[in-house]
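Trainee: Dropping the structure in here first, questions after.
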Amino acid sequence: MFKGTRGYITYGLGFFVVLEIMLVAAVYWWPTFEENLPSIKAIAAPIQMLSDLVDQVDQFGVSGYIVGQHFFKGCSALGTAAAVLFAANSVAGEAHRGTMEIWLARPVSRTRLMTERWLGGLFVVVAPVFLTSATVPALLGMFDKTMDMSDLMRCSLHMGGFLAAIYSVSFLWSCLSSEPMRISFVMLFLSVMVFALYLVEGVTHYSLYRLVEIKVFMRIITKDAMDWPLLAPMLACTVLAYGLSLRAFRRRVP
Amino acid sequence: MSVHGLEHRFGATQALHRTDLEIPAGGVVGLLGPNGSGKSTLMRLLTGLVPLQQGKVNVDGVPMAGDGLEIRRRTTYAPGELHLYSELKGGEHLRFLLRGRRDGSFDRARSIAGELGLPLDRRVREYSHGMKRQLLFAAAIAPDVRVRILDEISEGLDPAKRSQVLDLIDADAARGTTILLSSHHLGEVDRSCQRLVFLNAGRVVADESSEEVRRRAGRLVRLRFAPGALTPGSTGVLQGPGVESVEEVEDRVNVMLSGDDPRAFLGRLAAATDLPAPTSVEHGRISLGELYRALYGVEGT
């Protein structure tokens, strides 16, 4: 796929629409969920991690529900897929289809070419998280509920940091490879595996999705502050992966 | 353009052995050789697309440094590989290829594409092989630069289009542009080249003015014999005054004369009763490609 400004906007819009549909559905079903919460708790009881999730929703009410549905489920699951797929194609896709030579042959520095590509993909993955989160107060207004916009933006920033790290690591691999399909399959398989770990008691602490669980977002909301001990390593990972990508890309042969 | 001690290796494969070249400003230089001879590698090294491993490159007074951006600003490059963004329209693709060029380049490229009859409003996926080649050519010939590096630019073009492309190259060279033109078919580009550099297996095997090459082509006599008719050493009788070299290649014998007049040699050939009668004798009709094949044993030209 050709990646120009129009392409980034189109793909970003597509991701926004998917996330927004999920969010609207989640908000629409909130009253039913609230009504059936005792039954849901009973169903989730045998699985400790699931039970914890439902308890958190019960504890924090609509905020916990939105955070769980939108950030933990929608953005982290779909966002990971979008980040991996977009990053995998970024450079390896050009090599795979043979267009790397015409991409690099123009009088534009490699640093600029790669940074544009990296930023474009990052925009596609992260911008929809902020945009969909910004619609939450309006959607909740349908049920006379609300959430503070600044809380939502802080949560979006945290989610964006998580997705940026996954995107940048996939991007680094893309800079080293010519096989986008392999990158996508391996990274998606790893993501599913790591997500599955989250639900298994005893090994849940090894799951990266602990970084974006409901508790983390509720901590950000209740403390009115970013969770820097968690966000800073994700941002550092992003910057490191970007730097290594640049190094690899400068030596890349068409 | 100058290249000193340039070598390149892809893993275990030595793609380019130590190469030195000096190409003065202005004119068209043909870079010739069969597929896999190292032409494209050399061209990619000249444009910074492949990082230098060993040696020095200087283009339009600028030494190769970093990712070669300064050199790419002063040159245009048309790659030999025809991989384009098929989802773009011709005009959009032209704009993509001309990113970073001075204002006016796109208009010139569009005008050249018009001359070539290229439909810029159609998607590249609908383009034929030759049309894709012309799109790359239009993008490479339009910008106002002093050096152009054109890889296999005439490949896949019909004779009329090839002639049109070479006319545009000739006109550009006449304005003082230096053009490095590669091909694996000498006959496709030799009319435009003032100098011919021949590569084979990653080595420069010949670097001569095309006038000299044509003169040598005029001095080559090629004899063909019936299969198995030649016996070892039987061609020794062809040696003598006026003969520079005699070379046997299977059932062919290539004789390089030292002068333009073949009569003395032909007289000796007629008198050589120990030699079987040749099935054909060719002189003066030998193409440059055949000459290279005869002189350097390079196939595919």
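Trainee: For B:THR47, are the conditions met, namely being touching a helix residue (DSSP H, G or I) at 6+ places or on another chain (Cβ under 8 Å), closer than 25 Å to B:TYR127 by Cβ, buried (at least 19 other Cβ atoms within 10 Å of the Cβ) and among the β-branched types (Val, Ile, Thr)?
Mentor: Spelling it out, B:THR47 is indeed touching a helix residue (DSSP H, G or I) at 6+ places or on another chain (Cβ under 8 Å), closer than 25 Å to B:TYR127 by Cβ, buried (at least 19 other Cβ atoms within 10 Å of the Cβ) and among the β-branched types (Val, Ile, Thr).
Trainee: Within segment A:207-235, which residues are small (Gly, Ala, Ser) and in contact with a Leu (Cβ under 7 Å, 6 or more places away or on another chain)?
Mentor: Matches in segment A:207-235: A:SER207 only.
Trainee: While we're looking at this one, here's another question. Collect the residues in segment A:205-242 that are among the charged types (D, E, K, R) and free of Cβ contacts under 8 Å to residues at least 40 places away in the same chain, keeping them in residue-number order.
Mentor: A:ARG210, A:ARG219, A:LYS223
Trainee: Going through segment A:86-139 one residue at a time, which ones are more than 17 Å from B:PHE96 (Cβ to Cβ), out of contact with any helix residue (DSSP H, G or I) (no Cβ under 7 Å at 6 or more places or on another chain), within 14 Å of chain B (Cβ to nearest Cβ) and not β-branched (Val, Ile, Thr)?
Mentor: Correct list: A:ALA95 only.
Trainee: Across segment B:123-133, which residue is farthest from the other protein chains (Cβ to nearest Cβ) among those that are touching a Lys or Arg at 6+ places or on another chain (Cβ under 8 Å) and surrounded by 17 or more Cβ atoms within 10 Å (Cβ to Cβ)?
Mentor: B:GLY130
Trainee: Looking for whichever is farther than 17 Å from B:VAL147 by Cα and either surrounded by fewer than 18 Cβ atoms within 10 Å (Cβ to Cβ) or touching a residue at least 24 places away in the same chain (Cβ under 8 Å) (or both) here; the options are B:GLY100, B:GLY90. Which one fits?
Mentor: B:GLY90
Trainee: Something else about it: Tell me the residue from A:ALA127, A:ALA42, A:ALA134 that is loosely packed, with under 15 Cβ neighbours inside 10 Å and under 21 Å from the mean Cα position of the chain (by Cα), please.
Mentor: The unique qualifying residue is A:ALA134.
Trainee: Moving to a separate point now. Using the structure shown, decide if B:TYR77 is assigned by TED's automatic domain parsing to the domain that holds B:THR177 and more than 21 Å from the chain's Cα centre (by Cα).
Mentor: So B:TYR77 does not fit the description; no.
Trainee: In addition: Return yes when B:ARG224 is in contact with a helix residue (DSSP H, G or I) (Cβ under 8 Å, 6 or more places away or on another chain) and either touching a residue at least 12 places away in the same chain (Cβ under 8 Å) or more than 30 Å from B:ARG108 (Cβ to Cβ) (or both) and no when it is not.
Mentor: no
Trainee: Same structure again: Looking at the structure I just gave you, is A:GLY202 free of Cβ contacts under 8 Å to residues at least 12 places away in the same chain, outside any helix (DSSP H, G or I) and either buried (at least 17 other Cβ atoms within 10 Å of the Cβ) or more than 14 Å from chain B (Cβ to nearest Cβ) (or both)?
Mentor: For A:GLY202, the condition - free of Cβ contacts under 8 Å to residues at least 12 places away in the same chain, outside any helix (DSSP H, G or I) and either buried (at least 17 other Cβ atoms within 10 Å of the Cβ) or more than 14 Å from chain B (Cβ to nearest Cβ) (or both) - is met.
Trainee: Kindly state which strands (runs of 3 or more DSSP E) lie completely within segment B:9-122 and contain at least 3 residues that are within 9 Å of chain A (Cβ to nearest Cβ) and at pLDDT 95 or above.
Mentor: Answer list for segment B:9-122: B:75-78.
Trainee: How many residues are within 14 Å of another protein chain (Cβ to nearest Cβ), farther than 18 Å from B:SER40 by Cβ and of a type in the set (Asp, Glu) if we restrict to segment B:134-189?
Mentor: The qualifying residues number 1.
Trainee: Looking for something within 14 Å of chain B (Cβ to nearest Cβ) and of a type in the set (Asp, Glu) - is there at least one such residue anywhere in segment A:50-71?
Mentor: no
Trainee: Let me ask you something else. I need the full set of residues from segment A:144-193 which are touching a residue at least 12 places away in the same chain (Cβ under 8 Å), loosely packed, with under 15 Cβ neighbours inside 10 Å and not in a helix (DSSP H, G or I), in order please.
Mentor: Once the filter is applied, which keeps residues that are touching a residue at least 12 places away in the same chain (Cβ under 8 Å), loosely packed, with under 15 Cβ neighbours inside 10 Å and not in a helix (DSSP H, G or I), segment A:144-193 yields only A:ASP148.
Trainee: Also, quick follow-up: Does any residue of segment B:127-141 turn out to be among the β-branched types (Val, Ile, Thr) and either under 27 Å from A:ALA95 (Cα atoms) or under 21 Å from the mean Cα position of the chain (by Cα) (or both)?
Mentor: There is at least one residue in segment B:127-141 that is among the β-branched types (Val, Ile, Thr) and either under 27 Å from A:ALA95 (Cα atoms) or under 21 Å from the mean Cα position of the chain (by Cα) (or both).
Conditions (1) exposed (fewer than 15 other Cβ atoms within 10 Å of the Cβ); (2) at pLDDT 90 or above; (3) within 21 Å of the chain's Cα centre (by Cα); (4) away from chain B (no Cβ under 14 Å), marked per residue:
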{"residue": "A:TYR11", "(1), (2), (3), (4)": "no, yes, yes, no"}
{"residue": "A:VAL17", "(1), (2), (3), (4)": "yes, yes, yes, yes"}
{"residue": "A:MET22", "(1), (2), (3), (4)": "no, yes, yes, yes"}
{"residue": "A:TRP29", "(1), (2), (3), (4)": "yes, yes, no, yes"}
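Trainee: Which ones in segment A:215-254 are at pLDDT 95 or above and touching a Lys or Arg at 6+ places or on another chain (Cβ under 7 Å)?
Mentor: A:ILE220, A:MET226, A:ASP227, A:PHE249
Trainee: The conditions are (1) over 24 Å from the mean Cα position of the chain (by Cα); (2) within 14 Å of another protein chain (Cβ to nearest Cβ), and A:GLY4 fails exactly one of them. Which is it?
Mentor: The failed condition is (1).
Trainee: Restricting attention to strands (runs of 3 or more DSSP E) lying wholly within segment B:160-269, give those where 3 or more residues are among the hydrophobic types (A, V, I, L, M, F, W, C) and under 18 Å from B:LEU31 (Cα atoms).
Mentor: Here the list reads B:178-183, B:195-200, B:203-209.
Trainee: What's the number of the only condition in (1) part of a helix (DSSP H, G or I); (2) surrounded by 15 or more Cβ atoms within 10 Å (Cβ to Cβ) that B:VAL145 fails to meet?
Mentor: (1)
Trainee: Same structure again: Can you confirm whether B:VAL165 is assigned by TED's automatic domain parsing to the domain that holds B:LEU269 and free of Cβ contacts under 8 Å to residues at least 60 places away in the same chain?
Mentor: Against the criterion (assigned by TED's automatic domain parsing to the domain that holds B:LEU269 and free of Cβ contacts under 8 Å to residues at least 60 places away in the same chain), B:VAL165 does not qualify.
The values are calculated or read from the model by the stated rules, or taken from the named source; none is laboratory data. Keep in mind it's a predicted model, so treat the numbers as computed, not measured. Glycine gets a Cβ as well: all are built from the backbone with ideal geometry, and neighbour counts include every protein chain shown.
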